[in-house]
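The values are calculated or read from the model by the stated rules, or taken from the named source; none is laboratory data. Note that the coordinates shown come from a computational prediction; the quantities given were computed from them, not determined experimentally. Here the Cβ positions follow ideal geometry from the backbone for every residue, glycine too, while neighbour counts run over all protein chains shown. Side chains included, ligands, DNA and RNA excluded: accessible areas come from the protein's heavy atoms. Shrake-Rupley method; radii C 1.70, N 1.55, O 1.52, S 1.80 Å.
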Amino acid sequence: MLFCGINPGLYTAAIGHHFGRPGNRFWPALHRAGFTDRQLDPSEERELLRHGWGITKVLGRPTATADEVTAGELAAGGRALVEKARTFRPRWVAILGVGAYRTAFGHPRAALGRQEETMANASVWVLPNPSGLNAHYRLEDLAEKLPELRLAVQEGSRCESVR
């Protein structure tokens, strides 16, 4: 499984760890959903590898908010992510940000959850952006969305279509 954020915020870029800002809900939600046995600190991101999870981003340019990222940057980042998936061959790619997914991959009506399309033979799941700036989803909401993904990963179910 490869978890994929949109791009680093300024604080995250400064500390050099994914989802690093204290208000980001990625790490608490991941733990509450059973992906980790305890809540990891962003500095412990490499611990995800023990569980078979990786972490990356659509693009590397840090911004204060995801709204500063252009559609062209997202599309280019989406192509780069497909190449990463071809290289590292995860079974699953979980994109954290439905708006970014829609723009990066040209699926304007995509919804949260499992997608019909695959990425380099990996099944794709779209989750809400865990940033504290995303007021649409509380930590509890995020933690409720993740267990379905965890169960699908554990069961080894995959999409049949290939992109």
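Worth a mention:
- Mean separation of Cα contacts under 8 Å (6+ apart) over length of the chain, as relative contact order %: 27
- Extension gain, Thr63-Asp41: 0.36 nm per intervening residue step, less the Cα-Cα distance, totals 5.8 nm.
- Accessible surface area normalised per residue over region 1-76 is 49 Å², counting heavy atoms of protein chains with a 1.4 Å rolling probe.
- For q = 0.16, 0.19, 0.26 Å⁻¹, Debye-computed log10 I/I(0) when each Cα of region 1-68 counts as one equal scatterer: -0.51, -0.72, -1.24
- A Cβ-based charge dipole, computed about the Cα centre of the chain with Lys and Arg at +1 and Asp and Glu at -1, lands at about 280 debye.
- For a paramagnetic label modelled on Glu155 (point 7 Å from Cα along Cα→Cβ), amide N atoms under 20 Å away belong, within region 68-103, to 91-95.
- Relative to the current alpha-carbon distance between Arg109 and Asn121, full extension at 0.36 nm per residue lengthens the span by 2.2 nm.
- Of the solvent-accessible surface of region 1-69, computed with a 1.4 Å probe over protein heavy atoms with every protein chain present, carbon and sulfur atoms account for 48 percent.
- (1) 31, 16, 13; (2) 21, 20, 15; (3) 29, 17, 14, with the label sought being that of the calculated semi-axes √(5λ) of the Cα gyration tensor in Å: (2)
- Within region 1-134, antiparallel bridges make up roughly 25 percent of the DSSP beta bridges whose residues both belong there.
- Gained length - Arg138 relative to Ala80, 0.36 nm times residue gap less alpha-carbon distance: 17.9 nm
- Relative contact order computed over region 103-154 (Cα-Cα under 8 Å; 6+ residues apart), in percent: 27
- Overall form of region 46-108 per C-alpha gyration tensor (a/c, 1.5; a/b vs b/c): prolate
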